[in-house]
């Protein structure tokens, strides 16, 4: 088996093992990270409420920590509620939702105007692919002595906050090309 194929098989097995362990994870403390079943529940709760659809992109689904007063009062074995903060995009709009996992209810969904969510893996890969296929970019790389585009790695980077600029609904990404293997 080729080394790259072996790496792929090993990586796949590790991901499956981690997913299995996460599924089996029991939540025993209010500050435990969300497990796989809780993340799935959050998405399903939002779907049932009509807040997300098949085209929705999720930038973050994480535990919303309980108030400190609840944590100070909590004792091992006491029941506790689980709540999640969710950042998602529907088209060009970014939303923040609070979902009560314990009661399977959406508490709030608020559009966050003037912000962009973090870059998603699918967008990161697309930015790499589009950059490497771009003829003007290829010409610029050739002028710098790079001719084997399979040996260049393009790293999309968000440029950060740019005050006073209105880019509308565009997601801004800066690309840095690095020698190496893709």
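The values are calculated or read from the model by the stated rules, or taken from the named source; none is laboratory data. Predicted model, so just to flag it, every value in this text is computed and none were measured. Neighbour counts are summed over all protein chains in view; Cβ atoms, including those assigned to glycine, are modelled from backbone coordinates with ideal geometry.
Within the range 54-71, is there a residue that is surrounded by 13 or more Cβ atoms within 10 Å (Cβ to Cβ), out of contact with any strand residue (DSSP E or B) (no Cβ under 8 Å at 6 or more places or on another chain) and not in a helix (DSSP H, G or I)?
no
Any residue in the range 20-33 that's at pLDDT below 75: show its pairings with residues that are in a helix (DSSP H, G or I) and surrounded by 12 or more Cβ atoms within 10 Å (Cβ to Cβ) at Cβ separation under 7 Å, as long as the two are six or more apart or on different chains.
Matching pairs, first to second residue: 22/36; 23/36; 23/37.
Among the residues of the range 72-94, count how many are under 19 Å from residue 36 (Cα atoms) and surrounded by fewer than 14 Cβ atoms within 10 Å (Cβ to Cβ).
We begin by selecting, within the range 72-94, every residue under 19 Å from residue 36 (Cα atoms); these are 80-88.
Checking which are surrounded by fewer than 14 Cβ atoms within 10 Å (Cβ to Cβ) leaves us with 81.
Counting residues in the range 72-94 that are under 19 Å from residue 36 (Cα atoms) and surrounded by fewer than 14 Cβ atoms within 10 Å (Cβ to Cβ) gives 1.
The conditions are (1) surrounded by 14 or more Cβ atoms within 10 Å (Cβ to Cβ); (2) more than 23 Å from residue 86 (Cβ to Cβ); (3) modelled with pLDDT under 85, and residue 171 fails exactly one of them. Which is it?
(2)
Assigned by TED's automatic domain parsing to the domain that holds residue 37 and crowded, with 16+ Cβ neighbours inside 10 Å: does that describe residue 97?
On the way: assigned by TED's automatic domain parsing to the domain that holds residue 37: yes; crowded, with 16+ Cβ neighbours inside 10 Å: yes.
Considered against the rule, which asks whether it is assigned by TED's automatic domain parsing to the domain that holds residue 37 and crowded, with 16+ Cβ neighbours inside 10 Å, residue 97 comes out as yes.
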